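Everything below concerns the one structure shown next.
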Amino acid sequence: MRWLGVEPDTLLAKAGLRDVHLRGETRAPRDRFLAAKVQLAVALDDPCVGYRLGRTTELDDFGAFGALLQHAPSLSEAVAAGTTFLPAWEEGVEVQLERARGHVTLVYRNLGVAREADAVDGAHTVVFFAQLARLRLGRGAWIGVTCKGPPPRHRACGEAIEQLADEVRYRSARWSIRLDEASFARLDPRPHPEVERLVRSALDAQLATLGPRPLALETVAAHIRTGLARGGSLADVAGQLGVAPRTLQKWLAAQGTTWSRVLREVRLGRVEVLRAEGATLASIAPLVGLGSASALSRLLRRSPRAR
């Protein structure tokens, strides 16, 4: 494997990674994987190299995870399945799906990483998303992309995304891809259902080998964020962590907090991000698991953090 003509051995060694991580045979420590991407940008003297890296990334590079994205019945189901099995590939990211006015927006966020790492990884991921959408939907589908930071300074980097998308906006508050909702949900007759079933079985087994993830407040919060639009269920998060709901409640109490307090803090954190991106209270409410703008307003009034 080569990264844009660069032999990755030195970069991987510096970051503490091995080729087995890039082949998707085991989950890579996220901080080290991002460090390798930053090292690539330094080696090529190209801070926007993530755009080109995304264009050269293929689904086969992600092993069973990539096969699932390719063989799900629709792009909508590919994204849903990808979100479910993302922990088999990496942790420390948030993929959020938003719906409005006949469009869907897939938002990608790195959690707690340096700006340099976010710049390379965000560009890499948004180009990969656009490439996946183009593969699944064809040339006739409309694709819009927003990118954090200014336009790439190298022509090859700009072309990597602009040749895939119908509209590209730079200097945005987030990394995202926007699609027509009908195209997003359209069934694709090409993928074989038996392939999808076998791949899901393989990923289930892979997640099982990783074992229950150790309890940590950020781990709990990350799982809440992932399912926030569904209401933030204690039972759901406990199941993903491999513990009983009562066990999770007792563990939170030992940390000096409660489920409702952690859920409230995660909601407020998401509200802060979405408001900074210009979203209205009415559009934010369902994204944080609340039924109405008035319910969100009550949450904000009761929370000094949001004032």
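What to note about this one:
- Criterion violated by residue 240 - all others in (1) in a helix (DSSP H, G or I); (2) modelled with pLDDT of 80 or more satisfied: (2)
- Being assigned by TED's automatic domain parsing to the domain that holds residue 237, within 19 Å of the chain's Cα centre (by Cα) and not charged (D, E, K, R) is a description that applies to residue 288.
- Total residues in region 271-295, condition closer than 16 Å to residue 228 by Cβ and part of a helix (DSSP H, G or I): 12
- Only residues that are surrounded by 13 or more Cβ atoms within 10 Å (Cβ to Cβ) and either among the small types (Gly, Ala, Ser) or outside any loop (DSSP other than H, G, I, E, B) (or both) were counted across region 244-260, and they come to 7.
- Selection status of residue 167, surrounded by fewer than 22 Cβ atoms within 10 Å (Cβ to Cβ) and either closer than 29 Å to residue 238 by Cα or modelled with pLDDT under 95 (or both): no
- Complete set of residues in region 133-160 that are surrounded by fewer than 16 Cβ atoms within 10 Å (Cβ to Cβ), among the charged types (D, E, K, R) and touching a strand residue (DSSP E or B) at 6+ places or on another chain (Cβ under 8 Å): 134
- Single match in 236, 204 (criterion: within 21 Å of the chain's Cα centre (by Cα) and surrounded by 15 or more Cβ atoms within 10 Å (Cβ to Cβ)): 236
- Count of region 59-110 residues which are in a strand (DSSP E or B), of a type in the set (A, V, I, L, M, F, W, C) and in contact with a strand residue (DSSP E or B) (Cβ under 8 Å, 6 or more places away or on another chain): 6
- Taken over region 272-291, residues that are of a type outside the set (A, V, I, L, M) and surrounded by 14 or more Cβ atoms within 10 Å (Cβ to Cβ) amount to 5.
- Residue match in region 125-132 (condition: hydroxyl-bearing (Ser, Thr, Tyr), touching a strand residue (DSSP E or B) at 6+ places or on another chain (Cβ under 7 Å) and not in a strand (DSSP E or B)): yes
- Residues within region 142-171 that are closer than 22 Å to residue 93 by Cβ and outside any loop (DSSP other than H, G, I, E, B), tallied: 13
- If the condition is being touching a residue at least 40 places away in the same chain (Cβ under 8 Å), assigned to a helix (DSSP H, G or I), surrounded by fewer than 17 Cβ atoms within 10 Å (Cβ to Cβ) and of a type in the set (Gly, Ala, Ser), then region 172-201 contributes 182, 185.
Yes or no, residue by residue, for (1) buried (at least 20 other Cβ atoms within 10 Å of the Cβ); (2) farther than 25 Å from residue 200 by Cβ; (3) free of Cβ contacts under 8 Å to residues at least 40 places away in the same chain; (4) not acidic (Asp, Glu):
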position	(1), (2), (3), (4)
44	no, yes, no, yes
47	no, yes, no, yes
52	yes, yes, no, yes
56	no, yes, no, yes
59	no, no, no, yes
69	yes, no, no, yes
84	no, no, yes, yes
116	no, yes, no, no
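- Residue that is modelled with pLDDT of 90 or more and more than 23 Å from residue 84 (Cα to Cα), where the choices are 297, 303, 283: 297
The values are calculated or read from the model by the stated rules, or taken from the named source; none is laboratory data. It should be emphasised that the depicted structure is a prediction, and the values quoted were computed from it without experimental measurement. With ideal geometry, Cβ positions are generated from the backbone for all residues, glycine too; neighbour counts draw on all protein chains shown.
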